[in-house]
Amino acid sequence: MPEGRRGSSKIVGIIQRRTHPRKFQKYKKKNKGVHNVEPLLGIEKISVYVDGTLTNPQLDHPEGLAFDQDGTLYCGGERGQLYRIDPERRSIEEFASTDGFILGVALDGRGSLYACDLKHAAVFRVGLADGSVQRFASGMKAPNFPVVDVKRNALYVSDSRGADEPGPRVWRIDLESGVSEVWFDAPLSFANGMALSPDGNWLYVVESFARRVVRIEILPDGRAGRRELAAEDVGRVPDGLAFDAAGNLYVSCYEPSGVYRISPEGSVALIAIDPEAHALCHPTNCAFYGSDLYTANLGRWHISKIELGALGLPLPAGDAQ
């Protein structure tokens, strides 16, 4: 998530203003000809899954989120908090902290959570059972989002930089040793959310400032191969990614507050949007559980649920299903 967006998003969340009822009509007119600006799902399909505005602990503008196979939801906060949300009671527990600034998170299916920390410029490994926190990898400028690759025993981490700023874009970290290496260093315009393809042979990466999604081939020896365009003109600020079981890729957008779908053939469709930014308020990362898609909302203090009716791709690491 671009660093310069945080202040304004907080103001939007605090004011919680009601917008003019013609706002969506103006949005459609402004974006005429850009895919299908009429969303496939109505606003009634978007709801607040858990509201952490007035809870103790408060959900502190969560950005990353991940589900385990039992439906327990994990996410992070802007002061390094790591939260666990019970699927039955929807209760919120702060079970660990890095005292930093948590961006993306991922589960490995082996009892650990990996959290990207902007303040410490590091990736932390957190024990789910005891809340232990270990600095797992560093050397990055702005570690943004982690993806677990069980097949290769590796963790990919996006390092968010502008297109003209030199430096690595994606790192690869060995899950056993913690040894990290630059995996992809060609220019990307703010590498952000990522997802492994259903066959595990491509890493999809959001370029937030370019409004597109690319995919990078994972060669048999684990090195990065060719890069291809997956889709472009995906919203104005695309952020997070998640696949469904049919191979469609869902893109949560910080702006506008909505979700797009990229088909296996590369066509782009607007699935859901909240013109007033209430139920969806600048969503960042997204994750499936069952046939519903969930998003974190940087502009508010809640997790959103979108009733898609499409089964999510079971992640090999057990992050969600």
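The values are calculated or read from the model by the stated rules, or taken from the named source; none is laboratory data. These numbers were taken from a predicted model, which means no experiment stands behind them. A quick note on method: Cβ atoms are made from the backbone with ideal geometry, for glycine too, and the neighbour counts reach across all protein chains shown.
Quick check on segment 139-165: of everything there that is touching a Lys or Arg at 6+ places or on another chain (Cβ under 8 Å) and assigned to a loop (DSSP other than H, G, I, E, B), which residue is farthest from Arg125 (Cα to Cα)?
That would be Arg161.
For the condition in contact with an Asp or Glu (Cβ under 7 Å, 6 or more places away or on another chain) and modelled with pLDDT of 95 or more, what is the one hit in Glu88, Glu93, Glu78?
Checking each option against the conditions leaves just Glu78.
Where in segment 202-262 are the strands (runs of 3 or more DSSP E), entirely inside, with at least 1 residues that are out of contact with any helix residue (DSSP H, G or I) (no Cβ under 7 Å at 6 or more places or on another chain) and of a type in the set (Gly, Ala, Ser)?
The strands (runs of 3 or more DSSP E) meeting that bar are 224-232, 237-243, 249-255, 258-262.
If you check Leu229, Leu219, Leu280, Leu270, which single one turns out to be touching a Phe, Trp or Tyr at 6+ places or on another chain (Cβ under 9 Å) and either buried (at least 22 other Cβ atoms within 10 Å of the Cβ) or not aromatic (Phe, Trp, Tyr) (or both)?
Only one candidate qualifies: Leu270.
Select, from Pro168, Pro198, the only residue that is under 21 Å from the mean Cα position of the chain (by Cα), touching a residue at least 12 places away in the same chain (Cβ under 8 Å), outside any strand (DSSP E or B) and surrounded by fewer than 18 Cβ atoms within 10 Å (Cβ to Cβ).
Unique residue meeting the criteria: Pro198.
Taking the options Ala115, Ala96, Ala129, Ala66, name whichever one is assigned to a loop (DSSP other than H, G, I, E, B), closer than 25 Å to Glu176 by Cβ and of a type in the set (A, V, I, L, M).
Every option except Ala129 fails the conditions.
Taking the residues in segment 232-247 that are buried (at least 20 other Cβ atoms within 10 Å of the Cβ) and touching a residue at least 40 places away in the same chain (Cβ under 8 Å) as candidates, determine which candidate is nearest to the chain's Cα centre (by Cα).
My answer is Gly240.
From Val157, Val205, Val214, Val179, grab the single residue that is out of contact with any Asp or Glu (no Cβ under 9 Å at 6 or more places or on another chain) and without any contact (Cβ under 8 Å) to a residue 40 or more places away in the chain.
Criteria check complete, one pass: Val179.
Can you tell me which of Asp164, Asp233 is modelled with pLDDT under 95 and either out of contact with any Ser or Thr (no Cβ under 7 Å at 6 or more places or on another chain) or more than 22 Å from Leu103 (Cβ to Cβ) (or both)?
Asp164
Pick from Leu308, Leu313: which is modelled with pLDDT under 95, surrounded by fewer than 24 Cβ atoms within 10 Å (Cβ to Cβ), of a type outside the set (D, E, K, R) and touching a strand residue (DSSP E or B) at 6+ places or on another chain (Cβ under 6 Å)?
Answer to the selection: Leu313.
With the structure loaded, tell me whether Phe136 is more than 19 Å from the chain's Cα centre (by Cα), part of a strand (DSSP E or B) and surrounded by 16 or more Cβ atoms within 10 Å (Cβ to Cβ) or whether it fails that test.
yes
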